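The values are calculated or read from the model by the stated rules, or taken from the named source; none is laboratory data. Model, not experiment: these values are computed from the prediction. Here the Cβ is made from the backbone with ideal geometry for all residues, glycine too, and neighbour counts use every protein chain on show. Ligands, DNA and RNA are excluded from the accessible area calculation, which covers all protein heavy atoms including side chains. Shrake-Rupley method; radii C 1.70, N 1.55, O 1.52, S 1.80 Å.
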Amino acid sequence: TCMVTLMSPKILILSFWQEDEFNWLLKEEVHAVLKQLQDVLKEAHRRFSMPTPGLESQLKQENFILGSSTMDQVKGVLTLQGEALVQADINLKVTKSSQVLHFQFREDKQWKLQQIQDARNHVNQALQLLNSRDESYHFKTGAEVNKLMDAVMLQLTRARNRLTTPASMTLPELATSGLMKMFMPPMPGDVMVNFYINLSKLCLTVYQLHVLPPNTTKNFKPAGSSVLHNPGAMFELNNNRFEVSHVHKVECVVPWLNDTLVFFTISLQLCQQLKDKVGVSFGR
């Protein structure tokens, strides 16, 4: 005997309705969200490469004044052009002597801010992923949509993390970094500097050092890797031992970096909302 299970007309209609609804979502709504995502990320990308008004081929240069809450030990002006720091003009008041030292980048030098460069590259990769699924592309399953969203979210999370997480460095790495060779006059041996991005801020840290005498009874313990080292941190370089005596941190807000972080948040929310809609509504 052969048993046939008949589906009730109500369930059958519901099933067809869900199928139609799901196909509509895959065909229409997914592409509407992808278009929104592209528009937001194009705005983010534009912030990384703002042209000079009237000179579209040249990136806009912006000057940022560094202020300090610590007794104005460090003052300066930084010139940013896209991802490159093209000039840094720094005045440092030496703590012991109250003498003011003045440094600026050599004319032939500029310092690439790797964090900005990497963030921009991740935005480019997210846009390429979205461009590979244009309006003519037909998504067949919810899993396919989720896979694309996961790939885009990964690039956006990496872009955001590059701006929110500066690189940790050891003191010897700072002392031997290419940045120390950028200045004219050259930095004295007892001063080190570092530039980095933290969220929407461009930060400058200046370290003043003193040499520990060879016969010192002080317990020498080299400091590990850090974004910001504290006074008292020690390190060894070329058979000399140093201790950080003073740390000065100054920063300035870069408005367009703040814009990009907002765009990353909006984009990640759009991706997650689409994933939720595909996953929860239809269990696919």
Quiz prompt | Odd one out for ARG133, checked against (1) under 30 Å from ALA32 (Cα atoms); (2) in contact with a Leu (Cβ under 9 Å, 6 or more places away or on another chain); (3) not aliphatic (A, V, I, L, M); (4) not in a loop (DSSP other than H, G, I, E, B) | solution = (4)
Quiz item: Can you name the residue in segment 216-239 that is in contact (Cβ under 8 Å) with a residue 60 or more places away in the chain and outside any strand (DSSP E or B) and, of all such residues, is least open to solvent (accessible area, probe 1.4 Å)?
Solution: ALA233
Practice problem: Just name the residue that is farthest from ALA119 (Cα to Cα) out of those in segment 195-209 that are open to solvent by 20 Å² or more (accessible area, probe 1.4 Å) and in a strand (DSSP E or B). | Solution: LYS201
Quiz item: Restricting attention to segment 104-129, and to residues there that are part of a helix (DSSP H, G or I) and aliphatic (A, V, I, L, M), which single residue is most open to solvent (accessible area, probe 1.4 Å)?
Solution: LEU129
Practice problem: List every residue pair whose Cβ atoms lie under 6 Å apart, where the two residues are 6 or more positions apart in sequence or sit on different chains, the first residue falls within segment 176-203 and is in contact (Cβ under 8 Å) with a residue 12 or more places away in the chain, and the second residue, located anywhere, is of a type in the set (Ser, Thr, Tyr). | Solution: MET192/TYR207; ASN194/THR205; LEU199/THR164; CYS203/TYR196
Quiz item: Which one of LEU274, LEU212 is open to solvent by less than 40 Å² (accessible area, probe 1.4 Å), touching a Lys or Arg at 6+ places or on another chain (Cβ under 8 Å), at negative phi and touching a residue at least 12 places away in the same chain (Cβ under 8 Å)?
Solution: LEU212
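Over 24 Å from LEU268 (Cα atoms), of a type outside the set (Val, Ile, Thr) and either at pLDDT below 95 or in a loop (DSSP other than H, G, I, E, B) (or both) - does that describe any residue in segment 139-151? Working first, answer last.
Residues of segment 139-151 over 24 Å from LEU268 (Cα atoms): none.
No, the conditions are met nowhere in segment 139-151.
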Practice problem: Collect the residues in segment 245-284 that are closer than 30 Å to GLY76 by Cβ and either part of a helix (DSSP H, G or I) or more than 28 Å from the chain's Cα centre (by Cα) (or both), keeping them in residue-number order. | Solution: SER245, PRO255, TRP256, LEU257, ASN258, ASP259, THR260, LEU261, VAL262, PHE263, PHE264
Quiz item: Within segment 241-270, which residues are farther than 30 Å from ASP150 by Cβ, open to solvent by 70 Å² or more (accessible area, probe 1.4 Å) and either touching a helix residue (DSSP H, G or I) at 6+ places or on another chain (Cβ under 7 Å) or not hydrophobic (A, V, I, L, M, F, W, C) (or both)?
Solution: ARG241, LYS249, PRO255
